[in-house]
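Right, one structure below, let's go through it.
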Amino acid sequence: MVKICCIGAGYVGGPTMAVIAYKCPSVEVVVVDISKPRINAWNSEQLPIYEPGLEDVVKKCRGKNLFFSAEIEKHVAKADIIFVSVNTPTKTQGLGAGKAADLTYWETAARLIADVSKSAKIVVEKSTVPVKTAEAIEKILTHNSKGISFQILSNPEFLAGGTAINDLFNPDRVLIGGRETPDGMKAVKALKDIYAHWVPEERIICTNLWSAELSKLAANAFLAQRISSVNAMSALCEATGADVSEVSNAVGKDTRIGPKFLNSSVGFGGSCFQKDILNLVYICECNGLPQVANYWKQVIKVNDYQKTRFVNRVVSSMFNTIANKKIAILGFSFKKDTGDTRETPAIDVCRGLLRDEAQLSIYDPQVPERQIRDDLSMRKLDWEHPGHASSVSFSAPEQISVVTDAYQATEGAHAICILTEWDEFRFLDFQRIYDSMPNPAYIFDGRNIVDVEKLRKIGFIVYSIGKPLDPWLVDMPAVV
Ligand code: NAD
Ligand code: UDX
């Protein structure tokens, strides 16, 4: 029986290993983590992360060929294949702060593998890492091991939050990078055999190590660049009377461009896009390519601009004064169908409104109150000036209330900001909501999910990203 151990039981390690266990009943999979509470949660009825379909897969395999454990050393020592799926956040201090990937967790994991291994291992980079990380890992493993053979593979993960199980069941591709030596190719084949249990062979791409590592950063950069491109267009649409949805549709019909990832929004969030582009920028700078670095930096700058633009639109539409006004925030997670709030645009939008002394009433169907409060009070890194004072924390607990349904959040509010595209927000009783709000009643739709005409008929003043401006807003002086 092939034994797999995965170090890191997070958003990637947990679902990925659950699917491998489900699709390969003959393989034993153990997921280990330094966080005991996280492991306990994986072993409980209340899994530590929310993903549609995840619970079902976990329950079918847990205790059979899928195990979650905090006994890291024991399971690493026994495994044939070790996936490393630890977090690789942006460095917050020192050389490369604000851009470079912090590989502390990765290095700790690699040293542990070197220390406890007594037999040959295949070590798989599942985390997203800078190009050439495999070389550094190889050095750590070979310098610390006692003649044991290690083969390093790069097998980046392309799943997206909220659709992780579906993405893992039907991946567009599985990418495996390895050394082009007989042992390297043997290791690639061993990993390919695992995926071949359910992924058609033509979708398993094998490359050299560096191509696999770079392809992951490139894929995220390309995806984020599409969103920043359409968001840049949304500002121009508002200025000219064009409708960004019509523009996206027309542009996306070109088969060379395609229709996906062209939804204008209040900005992209999530744990990957910003972090991975900053990492790419840093690698370009380190390789003497400042022009290439600046090109990719603009993708993040436009994303920051889009969030600021949204806040400015809210404030200027409400006569430049939102102090002590109740504003309902619908949605806090970075996209629908996930409770993940990492880099969610809601954090920046809420902070912007809090700075203008608004009273926020926040509702999200999946994000717990404690998470929202932590996110809004935590120190946020200013990636352009990591040591700058603007990266200090913002704390105003009395300006925030977190509620358990959308009607409670909107009751008596002067304005509603829709920041996540949860399906339930499309089907709210907006007449009921309007009747409970003072006039003028505003809706600022950061996800383009409401029926603008219908809401205007009810009486709302509606702003929807990239759509022709409400007649009420056209004459308002706005700094956007
Ligand atoms: P996460 O923070 O949810 O999980 C990482 C886990 O690793 C944590 O539970 C942490 O306790 C554990 N860990 C850290 N160091 C450890 C060690 N030395 N030993 C044992 N456990 C350790 O992170 P994530 O979202 O799962 O991301 C993991 C990697 O996958 C990152 O590199 C990320 O960029 C990449 N990735 C993430 C996504 C996503 O959607 N979240 C998608 C593709 C790739
Ligand atoms: C992304 C990549 O899609 C995935 O392949 C990679 O493995 C991890 O990073 P994720 O961040 O989980 O996945 O979700 P994704 O669906 O890409 O959305 C990222 C952000 O972009 C969200 O905030 C989403 O709302 C936003 N988005 C997405 C848009 O604003 N417009 C779009 O058209 C698509």
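Taking the Cα centre of the chain as origin, work out the dipole magnitude from +1 charges on Lys and Arg Cβ and -1 charges on Asp and Glu Cβ, in debye rounded to 20.
So the magnitude is around 980 debye.
Stretch Thr163-Lys3 to full length: gain in nm at 0.36 nm per residue minus the Cα-Cα span?
Working it through step by step, the gained length comes to 54.9 nm.
Using only C-alpha positions, report the orientation-averaged shadow area of the convex hull of segment 201-240, nm², one decimal.
One quarter of the hull surface, i.e. the mean projection, equals 3.8 nm².
Could you tell me the relative contact order of segment 37-148? Use alpha-carbon pairs under 8 Å, at least six residues apart, and round to a whole percent.
25
With a sphere of radius 15 Å drawn around the Cβ of Gly252, what net charge do the other residues whose Cβ falls strictly inside it have (Lys, Arg +1; Asp, Glu -1)?
+1
What does the charge add up to near Ala413, with Lys and Arg as +1, Asp and Glu as -1, over the other residues with Cβ less than 9 Å from its Cβ?
+1
Quote the relative contact order of the chain in percent (integer), defining contacts as alpha-carbon pairs under 8 Å separated by 6+ residues.
The normalised contact order for the chain reaches 13 percent.
How would you classify segment 3-199 from its alpha-carbon gyration tensor, with a ≥ b ≥ c the square roots of the eigenvalues: rounded for a/c under 1.5, else prolate if a/b is greater than b/c, otherwise oblate?
Since a/c stays below 1.5, the shape of segment 3-199 is classed as rounded.
May I ask you to compute the full-extension gain from Ile34 to Val116, defined as 0.36 nm times their residue separation minus their alpha-carbon distance, rounded to one decimal in nm?
Stretched out fully, the Ile34 to Val116 stretch lengthens by 28.0 nm.
Express the relative contact order of segment 222-474 as a whole percentage, based on alpha carbon pairs under 8 Å and six or more residues apart in sequence.
In percent, rounded to a whole number, it is 22.
Please compare each pair in Lys335/Lys457; Lys325/Lys454; Lys3/Lys118; Lys121/Lys189; Lys36/Lys380 to a cut-off of 20 Å on the Cα-Cα distance and tell me which ones are over it.
In this structure, Lys335/Lys457; Lys325/Lys454; Lys36/Lys380 exceed 20 Å between Cα atoms.
Enumerate the residues in segment 115-137 having an amide nitrogen under 20 Å from the point lying 7 Å beyond the Cα of Ala218 toward its Cβ.
125-135
How long are the three semi-axes of the equivalent ellipsoid for the chain, computed from the Cα gyration tensor as the root of 5 times each eigenvalue, in whole Å, largest first?
One finds semi-axes of 43, 24, 21 Å for the chain.
Just add up the charged neighbours of Ser145: K/R +1, D/E -1, any other residue whose Cβ is under 13 Å from the Cβ of Ser145.
+3
Test of understanding: what is the full-extension gain from Thr240 to Lys64, defined as 0.36 nm times their sequence separation minus their Cα-Cα distance?
Separation in residues times 0.36 nm, less the Cα-Cα distance, equals 57.3 nm.
May I ask for the angle, rounded to the nearest 10°, between helix 290-317 and the longest principal axis of the chain, with both axes built from Cα atoms and the value confined to 0 to 90°?
Tilt of helix 290-317: around 30 degrees.
If I take R0 = 45 Å and measure r between the Cβ atoms of Tyr407 and Glu71 in this structure, what FRET efficiency does the formula 1/(1 + (r/R0)^6) give, to the nearest 0.05?
Using R0 = 45 Å, I get an efficiency of 0.40.
For Asn312 and Arg426, FRET efficiency with R0 = 25 Å and r from the beta-carbon atoms, rounded to 0.05?
In this case the efficiency is close to 0.45.
Laboratory data are not the source of any read-out in this text; all were calculated from the coordinates shown. Please read these numbers as outputs of a predicted model, since none were measured by experiment. Counting neighbours? That spans all protein chains shown, and the Cβs are built from the backbone with ideal geometry, glycine included.
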